[in-house]
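Below is one structure, written out as structure tokens; the observations come after it.
The values are calculated or read from the model by the stated rules, or taken from the named source; none is laboratory data. None of the values given here were measured: they were computed from a predicted structure. We place every Cβ from the backbone using ideal geometry, glycine too, and count neighbours over all the protein chains shown.
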Amino acid sequence: MTDPDPVALPAPARPSPVSRAALLAYLLLIVYASWFPFSGWRSSGLSPLAFFNLQMPRYWTAFDLIVNVIGYIPLGILLVFSLYPRLRGAWAVLVAALLGILVSGAMEVVQNYLPSRVPSNLDLLTNSSGCLIGACLGAAGARTYLDRGRLYRLRARWFGTHASQGLVLLALWPLAQIYPQNYLFGHGQVLPIISDWLSEWLDMNIDLTTMIRGDTALTAEQYWLSETIITACGLTGAVLAMLCLMRRGAPRAILIAALIGAALVFKAMASAVLFTPDNAWVWITPGAQGGFIIGVIMLSGLVFAPQVAQRRLAVLTLLISLLVVNTIPANPYFVNTLQAWVQGKFLNFNGAAQFLSLLWPFFALWYLLLPSHKLNRS
């Protein structure tokens with residue numbers, strides 16, 4: 001008679017690559033939001049630590065305090081999740097809180113050299129408090145979410161082991177729709193930003209888009225065609241980037257619909273909030289509609305293609321979208337609509353949203369072209 005099977009031991013706790021990738025992305029968002037708009041750098045002649053005192057700043061609002069606290073709560077959570085399982089409990093909270101103070105302090109010190117930003121001891125206090133709150137929340141839920149959580153099991157069942165960083169990128173794609181763009185899914189329009197920076201540094205008018213494209217004005221039909229290409233390629237590239245991460249048994253149709261639906265919801269909500277509710281659907285232009293339909297048709301034929309082909313086509317379509325969006329001028333109708341946008345209290349938030357809009361396709365290309373990117377065919 002054979003002995004009964006021993007009781008299965010619980011699997012040892014493992015670090016979370018998704019949390020660490022998300023932490024890196026969130027740190028980049030904090031840097032961009034804290035130092036936006038990256039112009040007018042100069043020294044005030046004061047000590048960089050002059051703000052570090054016991055005096056309350058002269059101007060502050062409850063809105064600023066709440067935003068500063070909330071903005072750093074995810075940082076505290078991600079820090080604890082990234083330290084797990086090497087550090088847990090009170091030690092993880094302590095280390096995360098100290099790192100939050102260092103991050104916030106660095107952001108405030110550098111703001112001394114930006115004329116549009118004012119370093120504040122109150123910002124340092126509220127940011128650090130938010131990070132501490134997040135660290136406590138993260139420590140309380142680390143085992144549940146990282147070891148036994150339903151989302152963790154679904155991620156292992158639907159996506160390959162290499163997909164951690166890619167899933168973070170995909171989660172950021174709907175958020176990248178928040179910042180106003182010339183064209184639907186038209187991310188990565190960096191040449192106007194680079195032109196402004198070069199013009200400021202060299203003290204001369206530089207327009208890289210005009211230098212590449214020439215001075216020829218586009219017709220309405222050319223604008224329409226350009227928007228169709230940008231929308232179709234931007235949509236196809238993002239969805240293919242997700243498809244090449246999936247296992248064969250994943251519910252592809254549901255996940256594709258969820259990703260696209262989230263992107264469109266964020267786009268509509270952002271248009272309504274940043275402009276007026278009447279502009280919630282103003283981005284649904286004939287070019288955007290045509291590009292969306294073409295993109296869906298392309299995806300319907302590629303959804304079960306080999307993962308290698310999906311990855312290569314994702315790179316190709318993203319590159320085409322980047323090329324077109326950076327070589328055509330801004331849509332005049334969009335420029336007129338943008339005049340009604342007042343950033344106001346949302347300066348930090350808009351800076352982070354612009355960061356996602358500008359750099360998402362470049363991060364996606366970097367990830368898709370990584371030599372260590374292993375495809376899961378199981």
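Selection of first residues in the range 302-313 that are β-branched (V, I, T) and of second residues that are buried (at least 16 other Cβ atoms within 10 Å of the Cβ), restricted to Cβ pairs under 6 Å at least 6 apart or on distinct chains, gives the following pairs, ordered by first then second residue: V303/R252.
Just one of the listed residues (V95, V118) is farther than 21 Å from V168 by Cα, β-branched (V, I, T) and not in a helix (DSSP H, G or I), and it is V118. Residues of the range 253-290 that are of a type outside the set (A, V, I, L, M), over 23 Å from F363 (Cα atoms) and not in a loop (DSSP other than H, G, I, E, B): S271, P277, D278, N279, P286, G287, Q289, G290.
Would you check which residues across the range 291-323 are part of a helix (DSSP H, G or I) and of a type in the set (F, W, Y) and list them? Listed by number, the list holds a single entry, F292.
Within the range 280-326, the set of residues being crowded, with 17+ Cβ neighbours inside 10 Å and basic (K, R) comprises R311 only. The residues in the range 250-294 that are out of contact with any Ser or Thr (no Cβ under 8 Å at 6 or more places or on another chain) and either outside the structural domain of I178 (by TED's automatic domain parsing) or at pLDDT below 85 (or both) can be counted, and the count is 8. Of all the numbered requirements in (1) surrounded by 19 or more Cβ atoms within 10 Å (Cβ to Cβ); (2) touching a helix residue (DSSP H, G or I) at 6+ places or on another chain (Cβ under 7 Å); (3) under 24 Å from R247 (Cα atoms), L167 misses one, and that requirement is (1). In the set (1) assigned to a helix (DSSP H, G or I); (2) buried (at least 18 other Cβ atoms within 10 Å of the Cβ), the condition left unmet by I66 is number (2).
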